[in-house]
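Dropping a structure here in structure tokens format, bear with me for questions.
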Amino acid sequence: MLISDYFMEVDGDKICTVCPHQCRLSVGKVGRCGVRKATDEAIVCLNYGHITAVALDPIEKKPIFHYKPGTSVLSIGSMGCNMNCPFCQNYHIAKTLSADYTVHSPEDMVRLLQSYPKEIGLAFTYNEPLVSIEFVIETARLAKEAGRFVVVVTNGMVSETCLMDLIPYVDAWNIDLKSYSSSDYDQLGGEFEAVKSTIELCSRHAHVEVTSLIVTGFNDHLKEWESVFSWLKGLGGMIPLHLSRYYPSYHYHEKETDVELLKELYRLAKTYLDYVYIGNVFGISNDTYCKKCGVLMAERDIYQTKLYHYACPSCGEKVFIE
């Protein structure tokens with residue numbers, strides 16, 4: 001447990017300022033994320049240092065395709081989430097405090113990271129990491145001091161104050177964009193404009209890739225997604241987009257996403273964006289080609305990458321970040 005600095009006090013209640021929900025909590029109450037609790041004096045983070053998962057993953061699994069391709073990250077996860085998606089893939093840690101965990105300090109995690117070769121980075125992932133923003137900031141800071149790169153995979157539901165405190169320590173982000181509709185986000189317990197703001201702000205400071213899970217019967221509408229593609233293009237067109245196939249999970253049991261729909265979305269997205277990929281579908285190519293002259297830059301087999309060039313040998317276009 002850690003006493004948080006991210007709260008305000010109003011008429012004896014504590015208002016959490018970690019995310020846009022701004023949960024107003026009386027003593028003993030817990031926020032919507034399930035991991036931040038009001039006490040007499042403050043708000044405490046119940047899951048500080050509670051690690052439910054640790055794995056060495058290809059960076060492509062996050063998915064991050066255009067930052068340090070072919071490298072690996074030490075991926076760590078905790079518990080808790082400030083959204084309530086009925087199709088959550090990681091509900092066993094995101095929606096419970098009873099998952100098995102071990103307690104580690106930021107120093108512990110960076111010592112573990114340093115036991116791996118120096119080209120290995122650190123990724124915060126699996127649950128929604130930013131509900132434990134204090135742990136993420138301190139661990140990321142120490143990782144950067146140790147000369148490692150840092151990746152954050154997030155739903156984007158975080159306050160600007162917290163985000164600006166974290167941004168100096170993050171090299172690459174993968175941010176979920178679940179819809180381009182406020183009403184859809186309302187159904188999931190999120191705030192659309194807040195997520196848009198997170199993507200915009202992060203893209204001004206670091207490498208950003210966006211993942212959109214296309215869910216049967218929820219957000220599988222071409223017209224809606226054209227608005228997404230147009231908006232992302234307005235951010236520069238260089239943000240890679242991952243269109244991911246949904247499979248039944250948690251409380252949602254519609255059939256898996258139609259592959260032909262994903263292909264149609266891919267074709268539409270490519271009219272706006274330079275780099276688009278389809279995820280969670282076996283047998284579909286996710287190779288990368290130079291956007292200007294079509295030279296093959298990287299071949300991918302699931303999460304394994306064969307990198308040929310960082311910059312195009314024909315036209316000089318910079319495709320990947322080293």
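Residues that are within 24 Å of the chain's Cα centre (by Cα) and not assigned by TED's automatic domain parsing to the domain that holds Thr257: which strands (runs of 3 or more DSSP E) entirely in segment 267-322 hold 2 or more of them?
296-301, 304-307
Could you please give the count of residues in segment 289-322 that are among the hydroxyl-bearing types (Ser, Thr, Tyr) and in contact with a Pro (Cβ under 8 Å, 6 or more places away or on another chain)? Full working, then the answer.
We begin by selecting, within segment 289-322, every residue among the hydroxyl-bearing types (Ser, Thr, Tyr); these are 289, 303, 305, 308, 310, 314.
So of that shortlist, the ones also in contact with a Pro (Cβ under 8 Å, 6 or more places away or on another chain) come out as 303, 305.
Going through segment 289-322 one residue at a time, the tally reaches 2.
Within segment 265-321, restricting attention to residues that are out of contact with any helix residue (DSSP H, G or I) (no Cβ under 7 Å at 6 or more places or on another chain) and aromatic (Phe, Trp, Tyr), which residue is farthest from Pro69 (Cα to Cα)?
Tyr266
Taking Gly34 as meeting all but one of (1) more than 20 Å from Cys162 (Cβ to Cβ); (2) outside the structural domain of Gln114 (by TED's automatic domain parsing); (3) touching a residue at least 40 places away in the same chain (Cβ under 8 Å), write down the number of the exception.
Unmet condition: (1).
For segment 41-57, indicate whether the set of residues that are at pLDDT 95 or above, farther than 16 Å from Phe135 by Cβ and either of a type in the set (Lys, Arg) or touching an Asp or Glu at 6+ places or on another chain (Cβ under 6 Å) (or both) is non-empty.
Scanning segment 41-57, I find no residue that is at pLDDT 95 or above, farther than 16 Å from Phe135 by Cβ and either of a type in the set (Lys, Arg) or touching an Asp or Glu at 6+ places or on another chain (Cβ under 6 Å) (or both), so the answer is no.
How many residues are in a helix (DSSP H, G or I), over 23 Å from Glu254 (Cβ atoms) and of a type outside the set (Ser, Thr, Tyr) if we restrict to segment 196-226?
Final tally of qualifying residues: 5.
Moving on to the next point. Find the residue count for segment 281-296, including only residues that are surrounded by fewer than 19 Cβ atoms within 10 Å (Cβ to Cβ) and polar (S, T, N, Q).
Within segment 281-296, the subset surrounded by fewer than 19 Cβ atoms within 10 Å (Cβ to Cβ) is 281-285, 287, 289, 291-296.
Next, only the ones that are polar (S, T, N, Q) stay: 285.
Number of matching residues: 1.
Regarding Lys255, is this residue among the basic types (Lys, Arg), over 23 Å from the mean Cα position of the chain (by Cα) and either modelled with pLDDT of 95 or more or more than 18 Å from Ser179 (Cβ to Cβ) (or both)? Steps first, please.
Numbers: among the basic types (Lys, Arg): yes; over 23 Å from the mean Cα position of the chain (by Cα): yes; either modelled with pLDDT of 95 or more or more than 18 Å from Ser179 (Cβ to Cβ) (or both): yes.
So Lys255 passes the test.
Between a first residue in segment 309-322 that is under 19 Å from Ala172 (Cβ atoms) and a second residue that is surrounded by 13 or more Cβ atoms within 10 Å (Cβ to Cβ) and among the polar types (S, T, N, Q), which pairs have beta carbons less than 7 Å apart while being 6 or more apart in sequence or on different chains?
Hits for this filter: Val319/Thr288.
Any residue at all in segment 152-169 that's more than 24 Å from His21 (Cα to Cα), in contact with a His (Cβ under 8 Å, 6 or more places away or on another chain) and crowded, with 23+ Cβ neighbours inside 10 Å?
The answer is no, given that none of the residues of segment 152-169 is more than 24 Å from His21 (Cα to Cα), in contact with a His (Cβ under 8 Å, 6 or more places away or on another chain) and crowded, with 23+ Cβ neighbours inside 10 Å.
What pairs come up if the first residue lies in segment 205-220 and is in contact (Cβ under 8 Å) with a residue 24 or more places away in the chain, the second is basic (Lys, Arg) and part of a strand (DSSP E or B), and their beta carbons are under 6 Å apart, counting only those six or more places apart or on different chains?
none
I'd like to verify a number: residues in segment 235-285 that are under 19 Å from Glu60 (Cβ atoms) and of a type in the set (Lys, Arg), how many?
1
Also, quick follow-up: Would a scan of segment 297-307 turn up a residue that is at pLDDT 95 or above, surrounded by 12 or more Cβ atoms within 10 Å (Cβ to Cβ) and touching a Cys at 6+ places or on another chain (Cβ under 8 Å)?
Yes: segment 297-307 contains one or more residues that are at pLDDT 95 or above, surrounded by 12 or more Cβ atoms within 10 Å (Cβ to Cβ) and touching a Cys at 6+ places or on another chain (Cβ under 8 Å).
Residues in segment 72-112 that are of a type in the set (Val, Ile, Thr) and either at pLDDT below 95 or within 20 Å of the chain's Cα centre (by Cα) (or both): how many?
Adding up the residues that qualify gives 4.
What number of residues in segment 28-65 are over 25 Å from Val18 (Cα atoms), out of contact with any Phe, Trp or Tyr (no Cβ under 6 Å at 6 or more places or on another chain), outside any loop (DSSP other than H, G, I, E, B) and not acidic (Asp, Glu)?
3
The values are calculated or read from the model by the stated rules, or taken from the named source; none is laboratory data. Treat the numbers as computed from the prediction; the structure is a model and nothing was measured. Glycine gets a Cβ as well: all are built from the backbone with ideal geometry, and neighbour counts include every protein chain shown.
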